[in-house]
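Every number in this text was worked out from the coordinates using simple rules, so none of it is lab data. All values derive from a computational prediction rather than experimental measurement. Reconstructed Cβ throughout: ideal geometry from the backbone, glycine too, with neighbour counts over all protein chains shown.
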């Protein structure tokens, strides 16, 4: 069923209103890779691609890695996936899993099943990569399970190409006590733990020996981070308490309190302002205590301490449970690899616009663990000018640009964005803006383009970005031989010839923010930019999320989970 | 929906061929009650039944306790359930949960939801009882969860009546290494752990650094105990490997081995011999290595050591995973209570035929933690004779029996069984067998009944027994006032008057033994005793197990799980 993702995508392309929308920003690989440089390597195994097949090793089973595997079709490659979890998880539904609106197993699909539906020469290893040796084209891996003797198997895997899609870790920003006392919400296991813990709080508060004051503490649920995951979890939790638990624990409803803490001035800041406003309004109506501008400085086993950013005042509040959902950190082995290749000062792996990791030959990276380092026009301005100035006259006429203008727009996405923002029809208009008919020298050329680079933006760490990158990269691999003969990318400005492929270009399709109570806020990017809030968006959200499931199995499961919830409510067994 | 169980039961009564059949023998309460006599009691709470309501405290949420709560209707009672798990689990499907034929959540229902469907004045506490104080009518309980300060809440609960249905623990028979190295299969959590562990074994065996010899070890699954749970698990595992895992791990199939170890000479010894034979034949055909007469003497982290009972030879076999399913042990706080009431020499709590714990006034016990201590006819023979011999002549005529014969049969179930076995129509025939027309003195009366007591049997530790006991007991509670005025039990032979209620009488309805591969062996007790093996029994098993589910929610879930498995196979994600 490798065609599903593409089929679904084409539906969105044909009916852009049913746009491709993904809310949660996790593309992670699961579990921390505990790499220490001092571990000696004992594994004896190292197998290279056999015959003339090239071996592609993929690290991770998140959005990026899985989408890459699903879309890879070229029989010239042999694929080996290494990841600590043997399944792909549909992460946008994780907040629903935390309260049982959807079951954990309904949002996962084993990577082996996914690969079995392709015709790939495929292998999977349940292990964590702990070291990338790019000089010898090897990755070093460690089994996630201990063997009977208490040791974790170690082994090396050779590669011809390496695709890194290991996602990130939950970021505590070094806040003391977070690791020990809070729940993260990045993995399926996290969601299961949260679910159990919510019920545990209700059972603990039901004990006869507990005072009402303690009940208030135990039933105080704190969500840290006003991003899509945190907001959706708060909404889901509110629904769960109101719709299901209030009936089974009638005396406890009065003690329940949900707080949402956000360090910046607003929640859902990466969304359209109208969505932010709608979400904040709804939370106030629902009685969710929304505290913006409130930074968490410490979490103990009993209290969470916050600092009001504006005044610097600190406050300690007792809680029953804290869910921490504030951003993405880099895995240790990726940090280590970044030092090796001279990227020590970056936050995540930097790649070029073709997703190749800078400073390496055969390593690609995508999703949350990587970012595309866009080239500035200003850095290449001389080369561009020289390329356009064929007669080496030192000045350019409009006609001189005709041959390079498309290459410039393709190579530097900020140029297109600039033209759009300034409402200019084409590149020539931009240059003419200085003076009509004029010939440009290098200084004037620079002046015309001086503001362009200010529009460069990093792509957000979302599932949508990772999946588009992976689809793009798989497509490059699929057409590798073809494009080597007939390159289709833009001209190289600093060298001769053309780039093999067109650079990756992200197409933002929109976003959903489910707010609970059958209210969903949606922002659509195509064909027009508009925002919709309410029940109709909720149904659209259901239908799109159902259609985006990774397999028919998970699709049937997710839809029947929704049906069950409508009929029977959510289960409150403490398993 | 308190009527469901009764409705289902009446279906079986009206159509006895669709008989009430329960295979697995667990009625447990979950988790070991770690009671230590030295724990000081700090709880301050103790609430008694308010008004003129009598307070019934129920320990446990297994088959016995839950069925009792569902069937209790008398508004004169206030009910408080104390159990470490807040849900009832349909234990006969646990072996199916181990491999994902059915999902864990599909076989559980929160006790609060069950009680909400009755009109009971109901409370539930998630806690373990650690001490019963029958003199002061109190139970001492400890929360299963630690509070933030790392302490478990303790509290006391007063009762007017106490119903003990806490089930048992897995019994290791003191075999060294079992606790540390094997998996039990009594609780839902156990089944979930086993499921994860099976997949873990396959993933570990897929690592490139593992040798084929190690693969054989890792994929050697050992089941200890040839009872219904062990046999069904072995069958389910065999199906899972063959139907699902063989496709996803094609290179590993050849290394898989399943062994079933049973200490006695046959598996399923509590079943009809024809079932035992069918099961053993099927296992041999399937390639499951069945070792009967093989006692486990030690389990280390790498090997399981067995002793052949016949020869005394020991053998150590490496394994990947061991599931231990061999019998029921008694919880420590029950053992402690038994010492208090002079039952120290028993294995489980002894009750009379009205399920009241011997040596106590207001405590009842049912399910796996209890056994009915039947009175011997021989112990009461003098009293019976005296009661019948109204004119105190020292001899009895046939007519003298007419008034006591029904009471005898009701009071001593072994008498009815004896008559049936000997194909005698009635009690008088039994006495006449000595010589026609004769008058009996006490010695001849004794001689006539001398063999009767040899037919006394302990009831098996099955869900079927626990559920019938609970229904009986709830019915007694429901008609308490009524029967106090108009007692309906048999005459008391040693005292004046009548017993308030008829004694409990178990009605064996049959048993199922699912063997995997859509093969189920079934033994039907009513209306005729017959055995059926094959696909038709499988469908009957499906339909009966579906109908026996505790709520409509779980019924829909279980049936849809079966549907999913037919269509999509079982999931192999390691969650």
TODO: Find how many whole Å separate the alpha carbon centroid of the stretch B:281-317 from the alpha carbon centroid of the stretch B:146-176.
DONE: 34
Open item on the list: Rounding to the nearest 10 and keeping the result within 0 to 90°, find how far the Cα-based axis of helix A:463-478 lies from the longest principal axis of chain A.
Closed with: 40
Task: Distances in nm from residue B:361 to the matching label points in the other copies, shortest first (labels 7 Å along Cα to Cβ) - done: 9.1
TODO: Compute the distance in nm between two label points, each set 7 Å from the Cα along the Cα-to-Cβ direction, one at residue B:269 and one at residue B:149.
DONE: 5.2
TODO: List the pair-distance distribution P(r) of the stretch A:289-393, using every Cα-Cα distance, as the percent of pairs falling in each 10 Å bin from 0 up to the bin containing the longest distance, rounded to whole percents.
DONE: 12, 25, 17, 23, 14, 5, 3, 1
TODO: For the stretch A:358-409 and the stretch A:105-128, write down the distance between their C-alpha centroids in whole Å.
DONE: 39
Open item on the list: Using helices alone, I'd like the mean residue ellipticity at 222 nm for the protein assembly as shown: each DSSP H run of four-plus residues gives -39500 (n - 2.57), total over residue count, nearest 500.
Closed with: -10000 deg cm²/dmol
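Can you tell me, using C-alpha contacts under 8 Å and at least 6 residues apart, the relative contact order of the stretch B:431-539 as a whole percent? Could the numbers behind the result be given before it?
Working: 94 pairs, mean separation 13.9, N = 109.
Rounded, it is 13 percent for the stretch B:431-539.
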TODO: Note down the relative contact order for chain A as a percent, whole number, built from C-alpha pairs under 8 angstrom at least six residues apart.
DONE: 19
Task: At R0 = 45 Å, FRET efficiency that the Cβ-Cβ distance of residue B:421 and residue B:496 yields, to 0.05 - done: 0.85
Task: In nm, spacing of pseudo-spin labels at residue A:386 and residue B:216 (7 Å Cα→C-beta vector) - done: 6.8
- [ ] In nm to one decimal, list the spacings between the residue A:379 label point and its equivalents in the other copies, with label points set 7 Å along Cα to Cβ, shortest first.
- [x] 9.3
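When DSSP assigns beta bridges and you keep just the ones with both residues in chain B, what percent turn out antiparallel, to the nearest 5? Before the final figure, lay out each step's value.
Working: 43 of 80 bridges.
Expressed as a percentage, antiparallel bridges in chain B total about 55.
Using Cβ counts within 10 Å as a stand-in for footprinting exposure, how do A:77, A:319 rank, fewest first?
Values: A:77 21, A:319 24.
Taking fewest neighbouring Cβ atoms as first place, the list is A:77, A:319.
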Task: Global geometry of the protein assembly as shown, whether rounded, prolate or oblate, following the gyration tensor of its Cα atoms and the 1.5 cut on a/c - done: prolate
TODO: Could you work out the relative contact order of the stretch B:243-387, using alpha carbon pairs under 8 angstrom and six or more residues apart, expressed as a whole percent?
DONE: 12
TODO: When a/c is below 1.5 the answer is rounded, else prolate if a/b is larger than b/c, else oblate, so apply that to the stretch B:434-541 with a ≥ b ≥ c taken from the square roots of the Cα gyration tensor eigenvalues.
DONE: oblate
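Return the percentage of antiparallel bridges among DSSP beta bridges fully within the protein assembly as shown, rounded to the nearest 5 %. Mind showing how you got there, number by number?
Values: 86 of 160 bridges.
Taking every DSSP beta bridge with both residues in the protein assembly as shown, the antiparallel ones total about 55 percent.
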TODO: Can you list the distances in nanometres, one decimal and ascending, from the residue A:479 label point to the identical position in each other copy, with the point 7 Å along Cα to Cβ?
DONE: 8.3
Task: Footprinting exposure proxy for B:439, B:203, A:410 (fewest neighbouring C-beta atoms within 10 Å first) - done: B:439, A:410, B:203
Task: Rounded tilt (10° steps) of B:228-239 against the dominant C-alpha axis of chain B - done: 30
Task: With Cα atoms, 0 to 90° folded angle of helix A:3-14 axis to chain A main axis - done: 80
Open item on the list: What is the distance in Å between the Cα centroid of the stretch B:58-73 and that of the stretch A:496-567?
Closed with: 45
Open item on the list: Shape verdict for the stretch B:90-140, please, from the Cα gyration tensor: rounded (a/c under 1.5), prolate (a/b greater than b/c) or oblate.
Closed with: oblate
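Ranking A:324, B:562, B:541 by Cβ neighbours within 10 Å, fewest first, what do you get? Spell out each step's value before the answer.
Details: A:324 27, B:562 17, B:541 20.
Ascending Cβ contact count within 10 Å gives the list B:562, B:541, A:324.
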